[in-house]
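The values are calculated or read from the model by the stated rules, or taken from the named source; none is laboratory data. Values in this document were obtained by computation on a predicted structure and should not be read as measured data. Here the Cβ positions follow ideal geometry from the backbone for every residue, glycine too, while neighbour counts run over all protein chains shown. Just so you know, the surface numbers come from the protein's heavy atoms only, side chains and all, with ligands and any DNA or RNA stripped out. Shrake-Rupley method; radii C 1.70, N 1.55, O 1.52, S 1.80 Å.
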Amino acid sequence: EETYADVAPVRYDDNGVSAYVSVMRGCDNMCAFCVVPFTRGRERSRPVTTIISECARLVEEGYREVTVLGQNVNSYRYTDGGRTVDFAELLYRISQVSPELRIRYSTSHPKDCSEDLLHVHAERPNVCNYIHLPVQHGNTEILDKMRRTYSREKYLRLIERAREIVPDVALSTDIMAGFCGETEAQHRDTLSLMRKVRYDHAYMFAYSERPDTYAARKYDDDVPEETKKRRLSEIIDLQRGINKEKNEAEVGRTVTTLVEGPSKKSDAQLAGRADNNKMVVFDREDYERGDYVRVRVTDCTSATLLGEPLEKVAGSQVAG
Ligand code: SF4
């Protein structure tokens, strides 16, 4: 069994601004398509105090963003002295380490996205206004076959609740085309769910069988490759259009961007991510890597917001 002795719990991005802290490993869910429960074992969470001191050290070293990691991070649970800290409380405590430290997390299961967690997003300005909620599919029968433990309706209620509690929250997802037995009508349910939710970002892929999984043992991988490819490209085209419309809606707004470094195209420009995880590019002027900069969005592509910098802000004002 893999233990923490085998892995470095803290990793650093080359940009010198972002770092990653693993808080748990493994997964107790049994999604039919997934190998993680077999390769990473049962869920194990790391002590709260260790995680908090690692985050405090990152701030001292100049890091400005931490992504809290786990295979199923929302099911974090650590009991010490008879008291249990869940993921919502862990996130809250990390957010108190420093207002200069912006916090993201990955990856999560919708069943563990609690109201408490949504309230932490709403209340803590340095917890990003962005949630990854992997739906995988838009049809309840397929979700049952995938053993995801929620229906289409339950998932849509969660999205509605997230938007009520965290106004303007950006949402991303994972979506799979061509799972075993998927019919054309079931595929269309995925497209209609995407139109309803209008994700800000999606990781989209065609199903491919992984050895030893429940799906490999119990189901036929019977959707022809050509059909999988066509359904996936319909999903990608739809999401591309939504991305473009959503980015266009950002034009005229002001977003707080954490500068990660020069943009890919020019040293005279800086690039970073807004609170809602969108990439933002603007003229360098006197701003530097690690600064939080208010940027007025003036234009966009389907992948990037372009804007003019207004001012540098303190970490305590990172929201927006
Ligand atoms: S897809 Fe995610 S929640 Fe499901 S078994 Fe794999 S790691 Fe766990």
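The table below lists the values:
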{"item": "Cross-link table Lys244/Lys265; Lys145/Lys278; Lys154/Lys228; Lys154/Lys196; Lys196/Lys265, entries beyond 24 Å C-alpha to C-alpha", "result": "Lys145/Lys278; Lys154/Lys228; Lys196/Lys265"}
{"item": "Per residue solvent-accessible surface (Å²) - the stretch 1-141, probe of 1.4 Å", "result": "41"}
{"item": "For the stretch 129-250, Kirkwood radius (reciprocal of mean inverse C-alpha pair distance, Å)", "result": "15.0"}
{"item": "Alpha carbon centroid spacing (whole Å) that separates the stretch 17-82 from the stretch 164-243", "result": "26"}
{"item": "Mean separation of Cα contacts under 8 Å, 6 or more apart, over the residue count of the stretch 254-313: relative contact order %", "result": "33"}
{"item": "Two-site label geometry, Tyr203 and Arg147: point separation in nm, points 7 Å out along Cα→Cβ", "result": "2.0"}
{"item": "Rg and Dmax [Cα atoms of the stretch 115-200; Å; Rg one decimal, Dmax integer]", "result": "13.9, 44"}
{"item": "Free-standing Cys, the chain [no other Cys Cβ under 4.7 Å]", "result": "Cys27, Cys55, Cys113, Cys128, Cys180, Cys300"}
{"item": "Accessible area (Å², per residue) of the stretch 254-313, counting only protein heavy atoms and a probe of 1.4 Å", "result": "48"}
{"item": "Length added when fully stretched, Glu245-Tyr214, from 0.36 nm per residue minus Cα-Cα", "result": "7.3 nm"}
{"item": "Percent of beta bridges antiparallel (DSSP, the chain, rounded to nearest 5)", "result": "55"}
{"item": "Using a Förster distance of 25 Å, the FRET efficiency for Thr84-Glu234 (Cβ separation, nearest 0.05)", "result": "0.05"}
{"item": "The chain: calculated mean residue ellipticity at 222 nm from DSSP helix runs of at least 4, using -39500 (n - 2.57)", "result": "-9500 deg cm²/dmol"}
{"item": "Relative contact order computed over the stretch 1-128 (Cα-Cα under 8 Å; 6+ residues apart), in percent", "result": "23"}
{"item": "The chain, relative contact order [Cα under 8 Å, separation at least 6], %", "result": "14"}
{"item": "Contour minus Cα-Cα distance for Glu164 and Met30 (0.36 nm per residue)", "result": "45.2 nm"}
{"item": "Apportionment of accessible area to carbon and sulfur, the chain, percent (1.4 Å)", "result": "46"}
{"item": "Rg [Å, one decimal], Dmax [Å, integer] - the chain, C-alpha atoms", "result": "20.2, 60"}
{"item": "Options Thr183, Asn243, Val297, ranked by Cα towards positive dipole end of the stretch 168-320, top entry (Cβ charges)", "result": "Thr183"}
{"item": "Point-to-point label distance, Glu225-Gln269, nm (Cα→Cβ direction, 7 Å offset)", "result": "3.8"}
